[in-house]
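The values are calculated or read from the model by the stated rules, or taken from the named source; none is laboratory data. Keep in mind that this is a model prediction, so the values were computed, not measured. Neighbour counts are summed over all protein chains in view; Cβ atoms, including those assigned to glycine, are modelled from backbone coordinates with ideal geometry.
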Amino acid sequence: MKLHPAKTIHAGFSLVEMLVVIAVIGIIAAIAVPNIGRINESAKEATARRNAQNIASVFASAQAAGLRFGGTSTSAADITEAIVTGAKVTEKGPFEDTWFGVPGLTDDDQTAALTYLAYDANSDQLLYRGDVDR
């Protein structure tokens, strides 16, 4: 004779357990989704800043080699467009036939980079302004 009744084995999860798990997943998703949007914006801003730094660096390097971008233009947009197109030094010297440019930037990339660039006509410099907030 058995003193303990046979225990029945129930497989699976109860409805309450499933609802708790779904609620926890929902809370985590509600916290994570807005942060993902901010991460994308932060990545776009970092890309624009890096592109602006590259453009300003190429401008300074080309000037040191004797190449002038933009001709008589004093517009940062015109100078940026000329830098993206690129140019080759034609004057005799150590940089002869050296190409300066930032290829592959789209119009949107250039527009975003312009936020962080300014042209100073007095010193003939294209300046990177990293302190500018969009």
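A few remarks follow.
- From 49, 38, residue being crowded, with 16+ Cβ neighbours inside 10 Å, in a helix (DSSP H, G or I) and charged (D, E, K, R): 49
- Matching residues in the stretch 93-134 - criterion: being assigned to a loop (DSSP other than H, G, I, E, B), among the charged types (D, E, K, R) and without any contact (Cβ under 8 Å) to a residue 12 or more places away in the chain: 96, 97, 131, 133
- Between 78, 107, 131, the distinction of being charged (D, E, K, R), surrounded by fewer than 10 Cβ atoms within 10 Å (Cβ to Cβ), at pLDDT below 90 and on the phi < 0 side of the Ramachandran plot belongs to 131 only.
- The set of residues from the stretch 62-78 being out of contact with any strand residue (DSSP E or B) (no Cβ under 6 Å at 6 or more places or on another chain), in contact (Cβ under 8 Å) with a residue 12 or more places away in the chain and assigned to a helix (DSSP H, G or I) comprises 63, 77.
- Among the candidates 95, 69, residue that is in contact with a Gly (Cβ under 8 Å, 6 or more places away or on another chain) and farther than 22 Å from residue 44 by Cβ: 95
- Within the stretch 79-92, being assigned to a strand (DSSP E or B) and charged (D, E, K, R) holds for one residue alone: 88.
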